[in-house]
Amino acid sequence: MQKMPMTAEGLSALQKERERLVTIERPSVIRAIGDARSHGDLAENAEYHAARERQSFIEGRLAEIEDLISRAEVIDPSKLTGDTVRFGAYVKVVDEETEDENTFQIVGSHEADAGNGRISITSPLARALIGKNPGDVVEVNAPAGPKSYEILEVRFG
């Protein structure tokens with residue numbers, strides 16, 4: 001079984017989502033299925049079919065969350081040091097073409113939120129940054145074409 005790196009915040013978010021699905025969403029959909037059944041003919045009952053689809057989604061998501069939690073390898077970036085880019089690092093880069101500066105944190109794939117500066121460890125940019133140091137230049141094959149970034153700073157926590 002392959003371990004899945006994640007931050008403590010990422011694990012906590014998964015546990016909260018699991019709790020919400022089990023205690024709120026699952027009972028709600030079970031009630032909706034019961035209500036829809038009481039309306040008679042299930043073959044043409046749109047409410048029933050919608051509730052069953054929602055139930056299927058919830059159960060699938062719960063299985064996915066359980067898998068992620070069971071494979072979690074929690075890494076606390078605040079306990080890491082050094083200036084080499086690795087999981088959990090905050091990396092400040094400058095786009096060599098546009099001179100735009102951005103700071104990204106490298107997180108687990110389910111924690112990624114590019115709009116908030118959190119990029120997946122499996123993303124092309126993160127893969128290019130891993131193992132590099134300030135001053136290094138990395139090339140990334142972006143959808144709009146190759147991009148070059150210089151690493152300005154690496155920090156943890």
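The values are calculated or read from the model by the stated rules, or taken from the named source; none is laboratory data. Keep in mind that what you see is a predicted model, and the values were worked out from it rather than measured. Methodologically, a virtual Cβ is constructed for each residue, glycine included, from the backbone with ideal geometry; neighbour enumeration extends over all protein chains shown.
Of all residue pairs spaced 6 or more apart or on separate chains, those with beta-carbon atoms under 6 Å, a first member in the stretch 16-30 that is assigned to a helix (DSSP H, G or I) and a second member that is polar (S, T, N, Q) and surrounded by 11 or more Cβ atoms within 10 Å (Cβ to Cβ) are Val29/Gln55.
Within the stretch 93-105, the residues that satisfy the criterion of being farther than 15 Å from Arg127 by Cα and not hydrophobic (A, V, I, L, M, F, W, C) are Asp95, Glu96, Glu97, Thr98, Glu99, Asp100, Glu101, Asn102, Thr103. When Ile106, Ile151 are screened for being at pLDDT 95 or above and under 14 Å from the mean Cα position of the chain (by Cα), only Ile106 passes.
Once the stretch 97-154 is narrowed to residues that are of a type in the set (A, V, I, L, M, F, W, C) and part of a loop (DSSP other than H, G, I, E, B), the residue that is farthest from Arg71 (Cα to Cα) is Ala144.
For first residues located in the stretch 117-137 and without any contact (Cβ under 8 Å) to a residue 40 or more places away in the chain, partners that are part of a loop (DSSP other than H, G, I, E, B) and lie 6+ apart or on another chain with Cβ distances below 6 Å form the pairs Arg118/Ala112; Ile119/Ala112; Ser120/Ala112. Ile58 fulfils the conditions (1) surrounded by 11 or more Cβ atoms within 10 Å (Cβ to Cβ); (2) touching a residue at least 24 places away in the same chain (Cβ under 8 Å); (3) outside any helix (DSSP H, G or I) except for a single criterion, (3).
Whether a residue is of a type outside the set (Lys, Arg) and in the same structural domain as Arg127 (by TED's automatic domain parsing) was assessed, and Val85 passes this test.
When the stretch 91-100 is limited to residues that are at pLDDT below 95 and either aromatic (Phe, Trp, Tyr) or surrounded by 12 or more Cβ atoms within 10 Å (Cβ to Cβ) (or both), the one that is farthest from the chain's Cα centre (by Cα) turns out to be Glu96.
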